[in-house]
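The values are calculated or read from the model by the stated rules, or taken from the named source; none is laboratory data. Only a predicted model underlies this, so the values are computations on that prediction, with no experimental measurement involved. Neighbour counts run over all protein chains shown; Cβ positions are idealised from the backbone, glycine included.
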Amino acid sequence: MKKQVVVIHGGDTFSTYKEYISFLKNYKIDFGRLKKKGWKEGLSEKLGRGFEVIAPRMPNKTNARYLEWKIWFRKFLPHIKNSVVLIGHSLGGIFLAKYLSENKFPKKIKGVFLVAAPYDSKDSDHSLVDFVLPRNLKRLEEQGGQIFIYHSKDDPVVPFANFKKYVKALARAHAAIFKNRGHFVQEEFPEIVKDIKSLFK
């Protein structure tokens, strides 16, 4: 039986519809980047035949709302097997942290990976709207299996202070600091491949 890995991508949030429309009008398309394959798209190949990677497209990632993502995420739960690995990148990270801190997960979780995840919006000019964590992440710790937190000191999107808050809130987590990975918009991510495989040794 293949080992399941579920990857929740990132996204943007805006406090008002006006801000969202302004973002759309001013956004510059990086056509070269659109052609590149990122680490999430290549994860299945890197992990190999023994793994099944599921990467749901969450609703309106350009102007995300937690409730919408929660409703959509729950539709996948009947298809999840025991010993699943959950990965959240950026907004997907705080989504998983919030969901697993507020809800009982129906299957056993082998590991949770939070990659460049925001903890709150205190150190940023950007609002997280309803992606707000509860006071403690105790339930996440209890049901999340082994938890890994990855952050780069030069992240231009999610300030490094967020990493420190996760480390404090999740004392037993494996914390990995990088110096030059930015927001982990990269083609390969050998460290996460290695750590996922280590869970099943």
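Points to keep in mind about this one:
- Only one entry in ILE177, ILE149, ILE196 is surrounded by 13 or more Cβ atoms within 10 Å (Cβ to Cβ) and under 14 Å from the mean Cα position of the chain (by Cα), namely ILE149.
- Candidates in region 72-92 are the residues that are part of a helix (DSSP H, G or I) and of a type in the set (A, V, I, L, M, F, W, C); of these, the one that is nearest to LYS153 (Cα to Cα) is LEU91.
- Verdict on LEU140 being in contact with a Gly (Cβ under 7 Å, 6 or more places away or on another chain), in a helix (DSSP H, G or I) and closer than 15 Å to ALA169 by Cα: no
- Checking TRP69 against (1) over 23 Å from ILE196 (Cβ atoms); (2) assigned to a helix (DSSP H, G or I); (3) modelled with pLDDT of 95 or more, the condition it does not meet: (1)
- Out of PHE113, PHE76, sole residue that is under 20 Å from GLU142 (Cα atoms) and within 17 Å of the chain's Cα centre (by Cα): PHE113
- For LYS46, the requirement of being modelled with pLDDT under 95 and within 19 Å of the chain's Cα centre (by Cα) is not met.
- With respect to (1) modelled with pLDDT of 95 or more; (2) over 22 Å from TRP39 (Cα atoms), the lone exception for GLN146 is condition (2).
- If you check TYR119, TYR150 for being of a type in the set (Phe, Trp, Tyr), assigned to a loop (DSSP other than H, G, I, E, B) and under 24 Å from VAL185 (Cα atoms), only one passes: TYR119.
- Taking the criterion of being part of a helix (DSSP H, G or I) and either touching a Pro at 6+ places or on another chain (Cβ under 9 Å) or modelled with pLDDT under 95 (or both), the only residue of region 153-201 that qualifies is ASN162.
- Selected residue (only one of PHE23, PHE31, PHE14 is surrounded by fewer than 12 Cβ atoms within 10 Å (Cβ to Cβ) and either aromatic (Phe, Trp, Tyr) or in contact with a Leu (Cβ under 7 Å, 6 or more places away or on another chain) (or both)): PHE31
- One residue alone among PHE95, PHE113, PHE105 is surrounded by 14 or more Cβ atoms within 10 Å (Cβ to Cβ) and part of a helix (DSSP H, G or I), and that residue is PHE95.
- Checked against (1) more than 18 Å from ILE8 (Cβ to Cβ); (2) touching a residue at least 24 places away in the same chain (Cβ under 8 Å); (3) of a type in the set (D, E, K, R); (4) surrounded by fewer than 19 Cβ atoms within 10 Å (Cβ to Cβ), ARG139 passes all but a single condition, namely (1).
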